[in-house]
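Presented below is the structure to which this report refers.
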Amino acid sequence: MLTKTMTRIGAATAPLLLAALLSGCATSKNKADTQYVARDVSTLYNAGKYRLDRGQYKLAAALFDEVERQHPYSPWARRAQLMSAFSYYMNKDYPESIGASQRFLSIHTGNKDAPYAYYLIALCYYEQIADVTRDQKVTQQALDALGELIRRYPDTRYAADARLKLDLVNDHLAGKEMEIGRFYQRRGQWLAATLRFRTVIDKYQTTTHTPEALERLVESYLSLGIPAEAQKAAAVLGRNYPGSKWYERSHKLMREHPNKA
């Protein structure tokens, strides 16, 4: 479900990015290739725009890079950096897009388009998030990038979208903790499992995984022989999720261990 949700949100992202970039952009029907030829800045820029409009993202990025390389001190160079970053993003060349965005931020700190650059970096990490069965380094990078955007520019439209994505990223990270916790449970490593479920409750308590984490804690505490802690977890579960299947399971477990509670 999370993957499908992320896909739907990702599909709506490109128009937001493109609309921001193309405000004030020039248009052209000139065709161009990326072989090095000294060209005036408007010809290069409009050639890149032509390729971008036709979905030739890699060529577009190369042409926008040429604007920056051939005319680094031109006012066009600043926008070309962002257009290059966007073109790489559309081509799913995420490392190149991140690099171009970071280069823009290092040169144009405080520029009015800085929120856009931070947003693009966050998206590049966000769209690389892997299934919970795999390493979640990029998920943490997405979390950090989204958080940085929200912290710096809380009132922008990019921050509004970032908050939605942040909820999904946290849910994903919680899902990873749950997967590891369940793995330890299957192996009878109850203490290790407990630490993972506690992480979900303490760090990701607003996610969809919290009810299950509480029920798994009940199981783990009972298996560890500390029914008092199991009772506490069951009570929290009953107070916050009384109608859930996880509460029913924990309630049944506590009834089955009356002498241990």
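Quick notes
- Residue list for region 205-249, restricted to those being more than 23 Å from Arg187 (Cβ to Cβ) and among the hydroxyl-bearing types (Ser, Thr, Tyr): Thr206, Thr207, Thr208, Thr210, Tyr241, Ser244, Tyr247
- Helices (runs of 4 or more DSSP H) enclosed by region 152-261 - at least 1 residues per element that are under 23 Å from the mean Cα position of the chain (by Cα): 157-186, 190-203, 210-224
- Count - residues of region 119-132 that are touching a residue at least 40 places away in the same chain (Cβ under 8 Å) and surrounded by fewer than 24 Cβ atoms within 10 Å (Cβ to Cβ): 4
- Failed criterion for Lys92 (all others in (1) charged (D, E, K, R); (2) open to solvent by less than 40 Å² (accessible area, probe 1.4 Å); (3) modelled with pLDDT of 95 or more hold): (2)
- Taking the listed residues Ser250, Ser223, the one that is surrounded by fewer than 18 Cβ atoms within 10 Å (Cβ to Cβ) and hydroxyl-bearing (Ser, Thr, Tyr) is Ser223, with no other qualifying.
- Check on Ala174, over 30 Å from Asn111 (Cα atoms), open to solvent by less than 40 Å² (accessible area, probe 1.4 Å) and in contact with a His (Cβ under 6 Å, 6 or more places away or on another chain): yes
- Looking only at residues in region 133-171 that are of a type in the set (Val, Ile, Thr) and open to solvent by less than 50 Å² (accessible area, probe 1.4 Å), the one that is farthest from Ala192 (Cα to Cα) is Thr156.
- Here Gly147 clears all of (1) under 30 Å from Leu120 (Cβ atoms); (2) at pLDDT below 95 except the condition numbered (2).
- Some residue of region 73-85 being within 30 Å of Arg51 (Cβ to Cβ), open to solvent by 50 Å² or more (accessible area, probe 1.4 Å), without any contact (Cβ under 8 Å) to a residue 12 or more places away in the chain and not charged (D, E, K, R): yes
The values are calculated or read from the model by the stated rules, or taken from the named source; none is laboratory data. For clarity, every value in this text was computed on a predicted model and none was experimentally measured. Cβ coordinates were reconstructed from backbone atoms using ideal geometry, including for glycine residues, and neighbour counts include every protein chain displayed. Keep in mind that these areas ignore ligands, DNA and RNA; they rest on the heavy atoms of the full protein, side chains included. Shrake-Rupley method; radii C 1.70, N 1.55, O 1.52, S 1.80 Å.
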